[in-house]
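The values are calculated or read from the model by the stated rules, or taken from the named source; none is laboratory data. In this text the structure is predicted, and so the values were computed from the model without any measurement. So basically every Cβ, Gly included, is an ideal-geometry build from the backbone, and we count neighbours across all protein chains shown. When the accessible area is computed, the model is the full protein with side chains, heavy atoms only, and any ligands, DNA or RNA have been set aside. Shrake-Rupley method; radii C 1.70, N 1.55, O 1.52, S 1.80 Å.
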Amino acid sequence: MYYVGVDLAWGEKRPTGVAVLDEHGTLVHVSAAQTDEDILDALKPYVDGDCLVAFDAPLIVRNETGNRPAETELNRDFQPFDAGAHPTNTGKPELAGVPRGARLAKALKLDMNPTSRRRRRAIEVYPHPATVALFRLGRTLKYKNKPGRSLDGLRSELLILMGLVEGLAASDPALITAGLPEWAALVEAVRTAPGKAALRVVEDQVDAVVCAYVALFSVRHPSRTTVYGSYEDGYIVTPTLPDGHRPEPRSARAEGQVRDGDPDQVRAAVREYAARQEELAEAGAAFVALVTALLDEAGINYLTVTGRVKSVTSFAGKAARRGPDGEFLYPDPLHDITDQLGVRVITYALSDVDAVAGLLDAQVVVLDDRDMGRATASEGRFGYASRHLLIALDAAREGQPAYELLRGRVASVQIRTVLQHAWAEFEHDIRYKGSVPPEHAPEFDRRFTLAAGLLELADREFSEIRDRLRVDVGPAEPEDDDPRLDPRELAAFLAGQYPDAAWSRTDHYAWISGLLLELGITSLSELSEVLQPVNALDLIARMDYRYPPGSVRRLDDALLAAFGERYVALHGNAHRVGLLEARLARLSG
């Protein structure tokens, strides 16, 4: 079954928005159409079978003047939220005959009775009250172009609405916009719109998506849906206004004030966030570079380090969220929303997750540290496992010009093993980007739990395999005439030399083999001779490691202690002379 939304223009000179959700709530189509023929062509693939088409346009109009009973009833509830309906009557030229919406419904042979149980139906809906009820808005979002409204203001309001729509992915029923390129294109069109006309084309399509969701909502939650009016005199279907929900006071703008938690504060924050996108992208890349450099310097093994900047729509939707009491959850969005910049570190083994968290705690400021896997286990369950840190620059880096972009900023860091990552991504895709039929939900929950338990066991086995390899790996056969130490042989040697150190990245063993070659060390026996006097030194105490360094980092410090300035001056160390000199001073002191 398909749920179709049509934001119908009064005539064929203005664009009409068309959107379609499948039975799982996934957005499968969104477009703009002009003529009746264009609209019918766009709908044709989705209305031959079971369907419910929600028109944002009058379907049934009998009264010659004033309001229909439907408008009168709806306005009593929603007018205080600025979501009242305009008068609908046959005195208006466009409604004098058969309304355009009714013509299209009849052309599609749809039953327009809102109480009908037929499999192909049409209903009249209205997006404004729907958004107030669905998102608990204190007043409607002002994304419609009217005198006095600026382009930036309209843009921020529309981005807020699109963010709220994207947030419905976690609602019941879910609305899934992710994965449809046309939706992503609409978001980008709003963000870069050069004028109000460009926003109007997007606005119609977003309204159509809301209409389609109202159709889906009315089927899934009939007890939470209100039909204002009647089939005989005309009606409007909308999600029911929540009990106790009250309109917010008029904006403080007239008083020249903008306070935390004021709607104008949220709108201003969205506009500011949209304007900061280029700067945020640079800062996000800088955080990724910082975390990567720290991991490489510490010699900790990892698979990938990636980053992302929270999208404008995601920020807007989050900024507009309210709690059960109707208050904003993020009164000062630019400060309170802390996941604007995200970094994700994927490791191979469970012990590396703790090593990465320990490293960050030692090198930067950790404002928050949540072990989601431990929280899940404490409830006696298997499931989502990941380490979540909120980090900021330490005092030393705050004052360095190289970190100017990151000064005063925070980043949300996720650390998980590759298996934990696979489970999390798949589970997210199924639950939020795909769909789980309600009748199969218990079975899917059980299977996800089973998979989580098996992957936790696999993570432990991989850790055990790696620990065994530290002592059991024999020398590898040389593959060519490369004079450098074979990285695999070096890895096995260092596992015995530093049994308490974590493994390092594979490419790091090859890198330090090149440094050994510069020093004239081409065999493990030669390396052993170099390290023997250094082993008598308590390098761990001298370096005062506040995190578990990897085996390559341990060797790096040992070579620094053994060769001093000669090691610093190696060609392969040219990119980190200052860093090595600082470490050498610590070793010498």
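Of the residues Y498, Y509, the single one that is touching a residue at least 40 places away in the same chain (Cβ under 8 Å), surrounded by 17 or more Cβ atoms within 10 Å (Cβ to Cβ) and more than 16 Å from E297 (Cα to Cα) is Y498. Inclusion of Y567 among residues that are at pLDDT 90 or above and aromatic (F, W, Y) is warranted. Suppose the filter is surrounded by fewer than 21 Cβ atoms within 10 Å (Cβ to Cβ), of a type outside the set (S, T, Y) and at positive phi; does G66 pass it? In short, yes.
Restrict the check to the range 154-169 and report whether at least one residue is in a helix (DSSP H, G or I) and open to solvent by 60 Å² or more (accessible area, probe 1.4 Å).
Kept after step one, since they are in a helix (DSSP H, G or I), are these residues of the range 154-169: 154-169.
Pick out the ones that are also open to solvent by 60 Å² or more (accessible area, probe 1.4 Å) and you get none.
Checking the range 154-169: not a single residue is in a helix (DSSP H, G or I) and open to solvent by 60 Å² or more (accessible area, probe 1.4 Å).
Considering the range 535-544, the residues that are open to solvent by 10 Å² or more (accessible area, probe 1.4 Å) and over 13 Å from D500 (Cα atoms) include one that is farthest from the chain's Cα centre (by Cα), namely A536. Could you tell me which residue of the range 10-46 is surrounded by the fewest Cβ atoms within 10 Å (Cβ to Cβ), considering only residues that are farther than 19 Å from E182 by Cβ and of a type outside the set (D, E)? Selected residue: K13.
Taking into account only those residues within the range 268-322 that are assigned to a strand (DSSP E or B) and closer than 30 Å to V353 by Cβ, which is most open to solvent (accessible area, probe 1.4 Å)?
So the first thing to find is which residues in the range 268-322 are assigned to a strand (DSSP E or B), and the list is 304-309, 322.
Imposing the further condition that a residue be closer than 30 Å to V353 by Cβ reduces the set to 304-309.
On the way: T304: 52, V305: 26, T306: 69, G307: 48, R308: 106, V309: 44 Å².
Step by step, filter the range 268-322, then rank; the result is R308.
For L527, the conditions (1) outside any helix (DSSP H, G or I); (2) over 23 Å from L359 (Cα atoms); (3) open to solvent by less than 20 Å² (accessible area, probe 1.4 Å) all hold with the exception of (1).
From the list D352, D336, D361, the one residue that fits, being open to solvent by less than 20 Å² (accessible area, probe 1.4 Å), in contact with a Phe, Trp or Tyr (Cβ under 9 Å, 6 or more places away or on another chain), more than 16 Å from L406 (Cβ to Cβ) and of a type in the set (D, E), is D352.
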